[in-house]
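Below you'll find the structure, written out as structure tokens, and then a few comments.
Taken together, the values in this text are just the output of simple stated rules run on the coordinates, not laboratory data. In this text the structure is predicted, and so the values were computed from the model without any measurement. Methodologically, a virtual Cβ is constructed for each residue, glycine included, from the backbone with ideal geometry; neighbour enumeration extends over all protein chains shown.
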Amino acid sequence: TQGHWARPPGVWENPDSALETQDFWRVFRACLRNLPGHLADLFILREINELSSADVCKVLDISTTNNMWVMLSRARMRLRQCLDQHWFHKAGA
């Protein structure tokens, strides 16, 4: 209600070294594959390939950039939840 996470993200001790491990990328790819609908495509085009908002909307046939930002927020939320469950908790164990 105050704009904060109900449950904060897990602790990531050393993000730079984690990004260099194949295990992290295996988990990340699995999380990305589990996103519904166009959310994975949207995330890849915008965040990884760094396409402009207009180009992403055109490629994915999204009616407005506002819709794109809502969908991107949902994709980020789902990725965060998946990584929290399958990476952060594992790394903290």
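How large is ³J(HN,Hα), in whole Hz, for each residue of the stretch 22-30 in order, when computed from phi with the Karplus curve 6.51 cos²θ - 1.76 cosθ + 1.60 and θ = phi - 60°, using x for Gly and Pro?
Per residue, the Karplus-derived 3J(HN,Hα) values read 5, 4, 4, 5, 4, 5, 4, 4, 4 Hz.
What is the distance, in nm, between label points placed 7 Å from the Cα along the Cα-to-Cβ direction at residue 73 and at residue 21?
Roughly 3.2 nm, to one decimal.
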